[in-house]
Amino acid sequence: MVSEIPEDAISKFIEAGKIGKLALEKAISEIGPGVSFLSVAEKTEALIREMGAKPSFPINLSINNEAAHFTPSPNDKKTFSTGDLVKVDIGASVDGYLSDNAATVEVGEKGKNSDLIDSTREALNKAISILRPGTMVRDLGSVIGETITSHGFRPVKNLGGHGIGRYDLHSSPFIPNYDDQNGNVLKSGYGIAIEPFASTGIGMIHNGPGGNIFILSGTKTNPEDPIYKNFNTIPFASRWLSSVMPDSSSYLHSMVKTRQVSEFAILKEHRGAMIAQSEHTILILKDKVIVTTK
Ligand code: CO
């Protein structure tokens, strides 16, 4: 499905962006050496709810060679260490209209990976600067890839941005981080997320173990299912389910076993590689481009 935002929903899409941006800032302000992933996740997602929205997806707190898709489990004890390179990826949902934004921070000592981080921010800004109805997604990829390469790093080729539909975080079109030669063109009315990933490694990620983020699979939804009732079809955390139902872990386990729910794998580069990411949500209109998470 393509990510067209109807005119009467534009204000909701913009509101989701504002809240998503504040949530990202909150998470970054909470991260530090010895701080638990769980406390950052809970405080950030609580702020989104206090502002009258819901998280678009569980906060992703992925470190070092992990690119994405880790969120803490219900009783997670993991803490941040000095030197960790943290990708914070979070967004807000206002009546199903979503935002998605990300930034990368170094824990404790700053500077070791600042050029890697800067390369993704610069790539994102350059891509946004060429956005208009009619822009080809491969041209965005080309700008992103060349910017990251000019800093001496590699763009992650098998990850990229995406359209954002209602209750549909990853709709078409796919927005590559290099010129992938595809002919997709952006149109007025599209909501999209652009997310350059840069790596000190080979620039390819693979699936690691599960990262505690789940999603209903398939199109057959049972309206009585507590997952559907609470989270609709957006990705959810095992933490979230445990807060709304007793004995959630056995329920979740059975849903995974019968393939009604699937778990996202942590996306990671090879060992020793470092990955940075920057992301904004954007609305493309006929006469202007609105970065909703700026
Ligand atoms: Co995204």
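Residue check, G152 against (1) in contact with a strand residue (DSSP E or B) (Cβ under 9 Å, 6 or more places away or on another chain); (2) more than 16 Å from the ligand (Cβ to nearest atom), all met but one. Which one?
(1)
Which count do you get for residues in the stretch 60-86 that are in contact (Cβ under 8 Å) with a residue 60 or more places away in the chain and not charged (D, E, K, R)?
Residues that pass the stated criteria total 13.
Quick one: what pairs do we get from the stretch 7-19, first residue open to solvent by less than 80 Å² (accessible area, probe 1.4 Å), second in a helix (DSSP H, G or I) and not aromatic (F, W, Y), C-beta under 8 Å, 6+ apart or different chains?
These pairs meet every condition: I19/I48.
For the condition touching a Leu at 6+ places or on another chain (Cβ under 6 Å) and among the hydroxyl-bearing types (S, T, Y), what is the one hit in T281, T293, T258, T233?
The unique qualifying residue is T233.
List pairs: first residue in the stretch 39-53 and at pLDDT below 95, second residue open to solvent by less than 10 Å² (accessible area, probe 1.4 Å) and part of a helix (DSSP H, G or I) anywhere in the structure, Cβ distance under 9 angstrom, at least six positions apart or on different chains.
That search, which allows pairs on different chains as well, returns nothing.
Every residue, every condition in (1) of a type in the set (K, R); (2) open to solvent by less than 50 Å² (accessible area, probe 1.4 Å); (3) within 18 Å of the chain's Cα centre (by Cα); (4) over 26 Å from T120 (Cβ atoms), yes or no:
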site: G191; (1), (2), (3), (4): no, yes, yes, no
site: I215; (1), (2), (3), (4): no, yes, yes, no
site: N222; (1), (2), (3), (4): no, no, no, yes
site: Y228; (1), (2), (3), (4): no, no, no, yes
site: P235; (1), (2), (3), (4): no, yes, yes, no
site: W240; (1), (2), (3), (4): no, yes, yes, yes
site: P246; (1), (2), (3), (4): no, no, no, yes
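Of everything in the stretch 257-274 that's more than 18 Å from the chain's Cα centre (by Cα) and more than 24 Å from E42 (Cα to Cα), which residue is most open to solvent (accessible area, probe 1.4 Å)? Break it down stepwise before answering.
Step one: list which residues in the stretch 257-274 are more than 18 Å from the chain's Cα centre (by Cα), which gives 257-261, 270-273.
Those left that are additionally more than 24 Å from E42 (Cα to Cα): 257-260, 270-273.
Numbers: K257: 159, T258: 82, R259: 199, Q260: 87, H270: 76, R271: 222, G272: 74, A273: 4 Å².
Ranking the candidates gives R271 first.
Being within 16 Å of the ligand (Cβ to nearest atom), of a type in the set (A, V, I, L, M, F, W, C) and outside any helix (DSSP H, G or I) is the filter here; which residues of the stretch 89-130 pass it?
Matches in the stretch 89-130: I90, A92, L98, A102, A103.
Against the conditions (1) in contact (Cβ under 8 Å) with a residue 60 or more places away in the chain; (2) open to solvent by 60 Å² or more (accessible area, probe 1.4 Å); (3) within 27 Å of F231 (Cα to Cα), where does L98 fall short? Just the number, please.
(2)
Residues of the stretch 189-217 being touching a Phe, Trp or Tyr at 6+ places or on another chain (Cβ under 8 Å) and either more than 26 Å from G152 (Cβ to Cβ) or modelled with pLDDT under 95 (or both), which ones?
Answer for the stretch 189-217, where residues must be touching a Phe, Trp or Tyr at 6+ places or on another chain (Cβ under 8 Å) and either more than 26 Å from G152 (Cβ to Cβ) or modelled with pLDDT under 95 (or both): G191, G210, G211, N212, I213, F214, I215, L216.
Tally up the residues in the stretch 55-85 that are within 16 Å of the ligand (Cβ to nearest atom) and farther than 18 Å from F214 by Cβ, please.
1
The values are calculated or read from the model by the stated rules, or taken from the named source; none is laboratory data. In this text the structure is predicted, and so the values were computed from the model without any measurement. When we count neighbours, we look across all protein chains shown, and the Cβ atoms used for this are built from the backbone with ideal geometry, even at glycine. For the accessible areas, the whole protein counts, side chains as well, though only heavy atoms, and no ligand, DNA or RNA atoms are used. Shrake-Rupley method; radii C 1.70, N 1.55, O 1.52, S 1.80 Å.
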